[in-house]
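The values are calculated or read from the model by the stated rules, or taken from the named source; none is laboratory data. All values reported here derive from a predicted model rather than from experimental measurement. Counting neighbours? That spans all protein chains shown, and the Cβs are built from the backbone with ideal geometry, glycine included.
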């Protein structure tokens with residue numbers, strides 16, 4: 001019995017040593033996915049109203065940063081005011097980017113802004129181009145939002161009523177931000193003014209890098225500031241019968257957009273154009289682009305993979 005036991009121990013040790021050698025030789029190793037391993041970190045910039053990284057299990061960008069990290073990206077989700085002017089949000093984003101650069105030791109970042117996060121990112125890139133390698137606007141309201149136009153008009157014709165409503169709205173938004181760890185100042189009226197058609201026209205004249213030459217056209221991929229500009233968007237308001245938000249977006253699209261005009265329920269397809277337009281016909285709505293609610297989006301669409309594909313594009317550009 002003693003001889004058998006010693007032989008068994010010998011073969012076990014010998015087998016483990018062989019496996020260790022083969023593993024170090026690369027026989028059983030699996031390469032870490034690098035499809036999204038960009039030179040510069042990815043910084044996500046949320047849209048207007050609500051800006052949180054998460055509240056409990058609810059992520060603002062549902063499973064998107066995690067998917068990018070699984071594919072080799074270094075990802076940060078910025079915390080800025082949800083409701084405020086684009087300039088205020090852009091300055092807050094610049095301070096956040098400075099922190100990211102200090103943490104990572106890199107020289108620049110790639111900004112990906114959803115909705116109002118698009119023009120917010122463009123402000124930061126325009127004023128601080130030395131810190132930004134690329135800006136991607138996703139369903140970005142780059143030329144104005146009809147809903148903002150309506151609220152701005154209502155503030156003019158019924159200022160007292162709208163003042164009360166906006167104060168109540170800011171209070172509610174403030175509570176949600178507080179729960180999400182964001183105590184930055186909120187000003188919904190300022191956001192509405194910034195995101196109106198008139199507000200964006202003035203903003204775009206001041207920060208024009210990547211602007212389309214014609215309505216619904218494309219802009220230059222490389223702006224005069226050396227930053228690369230991209231945009232992509234969905235053009236469907238209603239994408240999944242099991243998503244309750246889709247019904248609201250369908251009503252919004254029916255009210256704010258003309259028959260035949262494509263939109264994501266909040267922003268028209270043409271308003272999303274900025275820089276090089278990657279796609280503007282994705283079967284996704286405004287909320288789908290953040291992979292909400294909890295990944296209930298158009299059938300057959302994998303939103304996190306959509307971002308991996310784009311970040312791979314940035315990687316192949318050397319960004």
*Are any residues in the stretch 86-110 surrounded by fewer than 16 Cβ atoms within 10 Å (Cβ to Cβ), touching a residue at least 40 places away in the same chain (Cβ under 8 Å) and in a loop (DSSP other than H, G, I, E, B), and if so, which ones?*
107
_Matching residues, the stretch 282-299, being farther than 22 Å from residue 46 by Cβ and either at pLDDT 95 or above or crowded, with 19+ Cβ neighbours inside 10 Å (or both)_ = 283
*Looking at residue 76, is it under 30 Å from residue 176 (Cα atoms) and either at pLDDT below 95 or part of a loop (DSSP other than H, G, I, E, B) (or both)?*
no
*Quick check: anything in the stretch 18-40 in contact with a strand residue (DSSP E or B) (Cβ under 7 Å, 6 or more places away or on another chain), in a loop (DSSP other than H, G, I, E, B) and either surrounded by 11 or more Cβ atoms within 10 Å (Cβ to Cβ) or at pLDDT 95 or above (or both)?*
yes
*When you go through (1) over 26 Å from residue 196 (Cβ atoms); (2) at pLDDT 95 or above; (3) not in a helix (DSSP H, G or I) one by one for residue 113, which number turns out not to apply?*
(1)
*Quick one: count up the residues across the stretch 121-154 that are within 13 Å of residue 199 (Cβ to Cβ) and touching a strand residue (DSSP E or B) at 6+ places or on another chain (Cβ under 6 Å).*
0
_The conditions are (1) in a helix (DSSP H, G or I); (2) over 23 Å from residue 307 (Cβ atoms), and residue 224 fails exactly one of them. Which is it?_
(1)
*Do we have residue 204 as surrounded by 15 or more Cβ atoms within 10 Å (Cβ to Cβ), under 15 Å from the mean Cα position of the chain (by Cα) and on the phi < 0 side of the Ramachandran plot here?*
no
*asked:* Can you tell me which of (1) assigned to a loop (DSSP other than H, G, I, E, B); (2) surrounded by fewer than 20 Cβ atoms within 10 Å (Cβ to Cβ) is the one residue 83 doesn't meet?
replied: (2)
